[in-house]
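Some notes on the structure that comes next.
The values are calculated or read from the model by the stated rules, or taken from the named source; none is laboratory data. Just so we're clear, the structure is a prediction, and the values are computed from it rather than from any experiment. In this analysis, Cβ positions are derived from the backbone assuming ideal geometry, glycine residues included, and neighbour counts consider all displayed protein chains.
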Amino acid sequence: MINFERYGNVKTTGERVVGFEEKKFTIKGCVNGGVYVAKSHLFNDIVLPNKFSFETDFLTQQLGRLVIAAYKSESYFIDIGIPSDYLRAQSEMVNLI
């Protein structure tokens, strides 16, 4: 995306995730869609609080230990994290089904 501040930015080198930036104004970057596929055994020895940020409290802490691949897409994206966009997605998704 270009000129955004509502979303976190995923830093990549090639197809590898090398960092996450919290929401701030960014001239150009990759928005994190927040979709992950992981083997469940990765969490066997990890202690996390009841409420946590997956990116900050787990992925960022494990960047040196895990190879985290990124899938970059130029497809349509809508974040449903605020009520107005959630309602917009409801009407737009009807046309996709």
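Yes or no, residue by residue, for (1) within 20 Å of residue 74 (Cα to Cα); (2) surrounded by 14 or more Cβ atoms within 10 Å (Cβ to Cβ):
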residue	(1), (2)
14	yes, no
17	yes, yes
22	no, no
28	yes, no
32	yes, yes
37	yes, no
43	no, no
46	no, no
51	no, no
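Step by step: first the residues of the range 1-36, then only those that are polar (S, T, N, Q) and free of Cβ contacts under 8 Å to residues at least 60 places away in the same chain, then the one that is farthest from residue 80 (Cα to Cα). Which residue is that?
Looking at residues that are polar (S, T, N, Q) and free of Cβ contacts under 8 Å to residues at least 60 places away in the same chain, I get 13.
Does residue 39 meet the test of being within 24 Å of residue 18 (Cβ to Cβ), in contact (Cβ under 8 Å) with a residue 60 or more places away in the chain and of a type in the set (Lys, Arg)?
no
Every residue, every condition in (1) closer than 19 Å to residue 9 by Cβ; (2) free of Cβ contacts under 8 Å to residues at least 24 places away in the same chain, yes or no:
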{"site": "55", "(1), (2)": "yes, no"}
{"site": "81", "(1), (2)": "yes, yes"}
{"site": "87", "(1), (2)": "no, yes"}
{"site": "96", "(1), (2)": "no, yes"}
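Looking at the range 41-52, is at least one residue modelled with pLDDT of 90 or more and of a type in the set (A, V, I, L, M)?
No, there is no match, as no residue in the range 41-52 is modelled with pLDDT of 90 or more and of a type in the set (A, V, I, L, M).
Can you find a residue in the range 16-27 that is hydroxyl-bearing (Ser, Thr, Tyr), modelled with pLDDT of 90 or more and over 12 Å from the mean Cα position of the chain (by Cα)?
No: the range 16-27 contains no residue that is hydroxyl-bearing (Ser, Thr, Tyr), modelled with pLDDT of 90 or more and over 12 Å from the mean Cα position of the chain (by Cα).
So which strands (runs of 3 or more DSSP E) are wholly in the chain and hold at least 3 residues that are of a type outside the set (A, V, I, L, M)?
Of the strands (runs of 3 or more DSSP E) lying wholly inside the chain, those with at least 3 residues that are of a type outside the set (A, V, I, L, M) span 9-13, 16-21.
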